[in-house]
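What follows is a set of notes on a single structure, which appears directly below.
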Amino acid sequence: MNSMDDLIQIEWPDYNKNRIGQLIICEGGICGKKEKGAFPNPIEKMKEILLAEGLKKYFKITFSPCLGICLPHNVMLAITPKELIWLGMIRDAKPYDELMDWIRSSVKEGKMLPLPASLEKHRFDRFASVK
Ligand code: FES
């Protein structure tokens with residue numbers, strides 16, 4: 001059995017490949033499903049933008065069958081080098097456009113910029129009830 005010292009001495013290679021951030025979009029259960037009362041996630045459009053504008057090399061979008069907190073609908077988790085940003089309660093296309101603008105601007109700057117003020121209302125504290 002390894003001691004804690006053995007585990008701490010692992011040298012991790014840089015797996016990141018120049019990406020400045022990641023967005024995990026829930027596409028399962030009641031998230032982003034019109035038939036479940038949610039606004040349909042514009043996943044294909046977002047992928048097309050990443051590819052067409054060369055953003056994919058610097059920002060990753062992945063998908064999850066569930067992020068574990070389903071009721072806000074359209075749940076997403078933005079991962080930046082500084083923070084985890086939980087987003088939800090999205091009911092129309094505008095916040096998705098604003099997300100893509102945020103990603104675009106961040107890639108242009110070479111680092112994740114602060115979440116735009118317009119998206120703050122969609123931000124929630126995932127673990128607020130256990131603090
Ligand atoms: S179905 Fe989206 S968070 Fe669970």
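Within region 37-47, can one find any residue that is aliphatic (A, V, I, L, M) and either under 15 Å from the mean Cα position of the chain (by Cα) or modelled with pLDDT of 95 or more (or both)? Among the residues of region 37-47, at least one is aliphatic (A, V, I, L, M) and either under 15 Å from the mean Cα position of the chain (by Cα) or modelled with pLDDT of 95 or more (or both), which makes the answer yes. Of all residue pairs spaced 6 or more apart or on separate chains, those with beta-carbon atoms under 7 Å, a first member in region 1-29 that is surrounded by 16 or more Cβ atoms within 10 Å (Cβ to Cβ) and a second member that is modelled with pLDDT under 85 are Cys26/Gly32. Checked against (1) touching a Lys or Arg at 6+ places or on another chain (Cβ under 8 Å); (2) within 13 Å of the ligand (Cβ to nearest atom); (3) at negative phi, Cys31 passes all but a single condition, namely (1). Scanning region 41-76 for residues that are of a type in the set (S, T, N, Q) and surrounded by fewer than 12 Cβ atoms within 10 Å (Cβ to Cβ) returns a single hit, Thr62.
Every listed requirement among (1) more than 14 Å from Ile90 (Cα to Cα); (2) modelled with pLDDT under 95 is met by Asn74 save one, (1).
The values are calculated or read from the model by the stated rules, or taken from the named source; none is laboratory data. As the structure is a prediction and not an experimental result, all values here were calculated from the model. So basically every Cβ, Gly included, is an ideal-geometry build from the backbone, and we count neighbours across all protein chains shown.
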